[in-house]
Amino acid sequence: MARTIIPFGPQHPVLPEPIHLKLVVEDEIVKEALPQLGYVHRGLEKLTEIRDFNQMIQIVERVCGICSKIHAMCFCQGVEEMMGIEVPERAKFLRVIWSELHRIHSHLLWLGLYADAFGFESVFMQFWRIREKIMDINEATAGNRVIVSVNVVGGTRADLSPEQCNWILQELDWVEKETKRLQAVMLDDYTVKKRTVGVGVLTREQAYALGAAGPTLRGSGVAQDMRQFKYAAFDKIDFAPVTAPDGDCYSRGKVRFLETLQSVDLVRQAISRMPQGEIATKFKGNPEGELVTRVEQPRGELLYYLKGNGTKFLERVRIRTPTFANIPPLLAMLPGCELADVPVIALSIDPCISCTER
Amino acid sequence: MKTLDTITVTPETVVGEVAKLVTSGWRMITMSCVDLSPEQFEVLYHFDKELAETHLRLTFPKGMAIPSVTPTLFMAVLVENEIKDHFGVCFDGLPLDFDGKLYLEEEVKATPFCKYSTGTKQ
Amino acid sequence: MLKNMIQTSRLKSPWIIHFDCGSCNGCDIEVLACLTPLYDVERFGVVNVGNPKHADVLLVTGTVNHRNKHVLKNIYDQMPNPKLVIAIGACGLSGGVFREAPNVVGGVDKVIPVDVYVPGCPAKPEAIIDAVVAGLGKLAELQKQAAI
């Protein structure tokens with residue numbers, strides 16, 4: 001059988017972002033996949049030479065708009081640890097609230113796109129309808145819909161009033177109710193299962209060896225979540241990672257679906273246990289030394305390597321984003337699948353290309 | 001001042017050390033390259049095992065090619081290509097080599113992340 | 001008569017294509033949010049298509065870099081005349097916060113002519129819908145010129 005190379009992307013209807021995959025196919029079966037990146041590369045780690053560490057927060061937020069809050073939180077935690085700043089308790093809880101809200105909106109967004117990829121457009125619309133509530137919460141509490149920019153070194157920039165907390169809880173009740181209504185479609189529907197069960201299988205060993213992160217790793221049965229690290233206020237919140245055993249697209253979808261509901265619960269816990277007090281610590285000086293910080297993004301584990309030299313400009317900021325780690329597993333999932341399944345499999349790792357390339 | 005606890009390795013021992021960690025169940029997270037001085041690069045290998053971290057530190061003179069760990073650990077392929085793009089570090093025995101064109105086109109200045117000087121690109 | 005019909009429908013139901021040029025996703029998801037139930041531009045006849053040859057309006061988000069500028073130019077050239085280009089977000093306008101990054105060319109207008117600029121980081125869905133409506137005026141003009 002002759003081999004044909006089919007280009008997938010960079011401009012493709014199912015992908016909101018440009019990534020190019022060269023698919024070597026034999027008949028309808030994919031034999032090999034080669035990635036071609038660089039369509040979103042900006043090189044923003046380099047900007048640390050002309051932006052000081054406070055300005056870098058704005059830059060790292062724009063590594064990825066969908067999980068901007070979590071990027072900024074990771075960066076701030078690193079700088080705080082380097083400078084020995086103690087963050088007020090209330091700020092830690094506020095960080096958890098906003099980061100879990102971001103996780104909910106990111107997962108709802110992905111569930112929608114995923115439904116669209118296997119041709120279920122009305123479910124796409126439903127998930128995005130629910131997601132708008134979270135955008136409203138972001139806009140009402142932080143002033144912007146997508147890039148909330150609430151983190152500063154030493155704490156947070158904004159606070160939540162008791163009325164706002166009550167309102168958030170009410171809105172989340174609605175979000176939870178509406179999301180649960182779609183559970184039957186995403187997890188039990190015959191057609192959806194036909195498109196996802198057994199497609200793009202990544203075994204537990206493969207996932208571990210290839211360095212998969214986040215729901216891609218947990219969807220293969222490895223219970224690893226950076227929130228077990230108890231960063232921010234997670235030491236005072238009950239949390240256990242969600243896993244699914246099979247390693248196929250269905251498992252990854254299930255993990256994300258259940259995490260959405262779990263995050264609603266985490267926000268509730270954080271609001272109920274949040275103490276009163278300051279929201280930011282004043283500090284002096286510049287960061288010095290080097291360290292690695294890790295937090296959990298909606299897509300997986302995010303690693304920042306920071307190196308300071310005692311000036312206000314950090315010497316090196318290295319960002320390892322989860323999608324960057326999930327591309328080798330994607331290349332392992334694709335061989336052997338049918339060409340029509342490629343969009344579903346490619347989406348099942350929740351690709352965020354602007355994260356990958358920075 | 002915070003410092004990172006690292007195991008220092010040399011270009012000769014790095015592949016062996018990585019293989020040793022992998023067989024004892026460590027999972028590679030990523031590698032970071034730092035432009036230390038006009039003469040030296042540093043590459044850090046970050047590993048994780050049940051939330052514990054360990055790091056290998058490899059310091060080497062510019063212009064020297066270091067051995068690739070990709071044959072031992074396939075997940076390093078993109079990381080090594082990225083470092084080659086950004087810093088011009090050459091990896092010996094790198095399968096699937098994008099040759100410095102993973103992200104960059106011809107018209108961009110080679111090795112844009114180098115602070116002190118341009119590394120040699122072979 | 002057919003010509004008349006095409007001219008009216010082009011303005012009443014513009015088909016858009018969205019290309020992410022290197023944005024942080026913030027503007028992209030706002031473009032997609034325009035299509036979803038809360039904003040729902042499809043009720044005005046705006047349809048998102050995947051093929052540049054079907055489209056009248058090109059929405060571009062994000063900074064241009066050296067690799068995707070060829071793709072952007074290609075998509076622009078494939079679109080039939082008259083066509084409209086809308087640059088969305090601070091990055092699409094000038095490069096935004098990434099202006100000084102090593103692999104950034106700058107705004108979209110460095111590569112293709114832009115008709116409408118939408119500021120904001122990220123631009124709000126309301127602003128994007130407004131921009132498409134504002135652009136339709138220009139599309140009508142272009143259409144008239146082409147007819148003569």
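With respect to the cross-link table entries C:K3/C:K73; A:K46/B:K62; C:K83/C:K144, which display a Cα-Cα separation exceeding 21 Å?
Numbers: C:K3/C:K73 28 Å; A:K46/B:K62 19 Å; C:K83/C:K144 13 Å.
Listed pairs above 21 Å: C:K3/C:K73.
To the nearest 10 degrees, how steep is helix C:2-12 against the longest Cα principal axis of chain C, on a 0 to 90 scale?
Once rounded, one gets 40 degrees.
How high is the relative contact order of segment A:53-357? Use alpha-carbon pairs under 8 Å, at least six apart in sequence, and give a whole percent. Can you show the working numbers first?
On the way: 550 pairs, mean separation 78.2, N = 305.
It rounds to 26 percent for segment A:53-357.
Please determine, in degrees from 0 to 90 and to the nearest 10, the orientation of helix C:26-35 with respect to the longest principal axis defined by the Cα atoms of chain C, where the helix direction is its Cα long axis.
20
Nearest 5 percent is fine: what portion of the DSSP beta bridges confined to the protein assembly as shown is antiparallel? Intermediate results must be reported in sequence, preceding the final value.
Values: 52 of 74 bridges.
So the antiparallel bridges in the protein assembly as shown amount to around 70 percent.
Partner chain Cβ atoms within 10 Å, averaged over the residues of A:121-133 - can you pull that number for me? Don't jump to the answer; show the numbers that get you there.
Values: counts 0, 0, 0, 3, 5, 2, 1, 8, 4, 1, 4, 6, 1.
Taking the mean over all residues of the peptide, I get 3.
With r as the distance between the Cβ atoms of A:E28 and A:K193 and R0 = 22 Å, compute the FRET efficiency 1/(1 + (r/R0)^6) and round to 0.05. Write down the numbers at each step before the final one.
Working: r = 21 Å, r/R0 = 0.96.
Efficiency, rounded to the nearest 0.05: 0.55.
Take peptide C:30-39, look around each residue's Cβ out to 10 angstrom, count Cβ atoms belonging to other protein chains, and average those counts. Don't skip to the end; give the middle numbers.
Working: counts 4, 1, 7, 7, 0, 3, 10, 6, 7, 2.
Counting Cβ atoms of other protein chains within 10 Å of each residue's Cβ and averaging gives 5.
Relative to the longest principal Cα axis of chain A, at what angle does helix A:68-83 sit, 0 to 90 degrees, rounded to 10?
50
In the Gaussian network model of chain C, springs joining C-alpha atoms below 10 Å, which of C:E100, C:E42, C:E30 carries the largest mean-square fluctuation?
C:E100
How large is the charge dipole for the protein assembly as shown, taken about the Cα centre, if only the Cβ atoms of Lys, Arg (+1) and Asp, Glu (-1) carry charge, to the nearest 20 debye?
760
Can you list which of the GluC sites (Glu not before Pro) found in segment A:47-106 are DSSP loop residues with at most 13 other C-beta atoms within 10 Å? List each step's numbers first, then the result.
Working: sites: A:E49, A:E61, A:E80, A:E81, A:E86, A:E89, A:E100; in loops: A:E86.
For GluC sites (Glu not before Pro) across segment A:47-106 that sit outside H, G, I, E and B with at most 13 neighbouring Cβ atoms in 10 Å, the list reads A:E86.
As I understand it, the dipole of the protein assembly as shown uses +1 on the Cβ of Lys and Arg and -1 on the Cβ of Asp and Glu, about the Cα centre. Which of B:P38, A:L266, A:I134 lies farthest toward its positive end?
So the residue we want is A:I134.
If you place +1 on the Cβ of every Lys and Arg, -1 on the Cβ of every Asp and Glu, and leave all else neutral, what size is the dipole of segment A:168-285 about its Cα centre, to the nearest 20 Debye? Each step should come with its number before you reach the end.
Working: 18 positive and 15 negative charges, 44 e Å.
Magnitude of the dipole: close to 220 debye.
Gap in Å between the Cα centre of segment A:1-65 and the Cα centre of segment A:284-346?
Answer, in whole Å: 13.
Can you tell which of A:H105, A:N54, A:G9 lies farthest toward the positive end of the dipole of segment A:1-156, using +1 and -1 charges on the Cβ of basic and acidic side chains (Lys, Arg; Asp, Glu)?
The Cα lying farthest towards the positive end belongs to A:N54.
Using a/c under 1.5 as the rounded threshold, could you call the protein assembly as shown rounded, prolate or oblate? The axes a ≥ b ≥ c are square roots of the C-alpha gyration tensor eigenvalues, and prolate needs a/b larger than b/c, oblate otherwise. The partial results should precede the final answer.
Numbers: a/c = 1.38, a/b = 1.22, b/c = 1.13.
Rounded.
So what is the 222 nm mean residue ellipticity for chain B from helices alone, if each DSSP H run of at least 4 adds -39500 (n - 2.57) and you divide by all residues, rounding to the nearest 500 deg cm²/dmol?
Details: 2 runs with 22 residues, N = 122.
Helix-only estimate at 222 nm: -5500 deg cm²/dmol.
Counting other C-beta atoms within 10 Å, which of A:S161, A:S149 has the fewest, and how do the rest follow? Let's see the in-between values first.
Details: A:S161 9, A:S149 19.
With the sparsest Cβ surroundings first, the list reads A:S161, A:S149.
Can you sort A:Y250, C:Y39 so the residue with the fewest Cβ neighbours within 10 Å comes first? Show your work: numbers first, answer last.
Numbers: A:Y250 22, C:Y39 19.
Final ranking by Cβ density, sparse to dense: C:Y39, A:Y250.
In deg cm²/dmol, rounded to 500, what helix-only [θ] at 222 nm does chain A give when every DSSP H run of at least 4 residues adds -39500 (n - 2.57) and the total is split over its residues?
On the way: 12 runs with 162 residues, N = 358.
Counting only the DSSP helices, I get -14500 deg cm²/dmol.
Name the residue from B:L56, C:G26, A:G154 whose Cα lies farthest towards the positive end of the charge dipole of the protein assembly as shown, charges +1 on Cβ of Lys and Arg and -1 on Cβ of Asp and Glu.
Checked the options; the winner is C:G26.
Where does each of A:M73, B:M64, B:M28 land when they are ranked from fewest to most other beta-carbon atoms within 10 angstrom?
Ascending Cβ contact count within 10 Å gives the list B:M64, B:M28, A:M73.
Which of the three applies to chain A, rounded, prolate or oblate, going by the alpha-carbon gyration tensor with a ≥ b ≥ c and a/c under 1.5 meaning rounded? Spell out each step's value before the answer.
Numbers: a/c = 2.06, a/b = 1.37, b/c = 1.50.
Here chain A falls in the oblate category.
Calculate the mean, over all residues of peptide A:217-225, of how many other protein chain Cβ atoms lie within 10 angstrom of the residue's Cβ.
Mean partner shielding for this stretch: 1.
Quick note: the coordinates plus some simple rules give every number you see, no bench work behind them. The shown structure was predicted, so the numbers you read here are calculated from the model rather than taken from an experiment. FYI the Cβ positions are ideal-geometry reconstructions off the backbone, even for glycines, and counts take in every protein chain you see.
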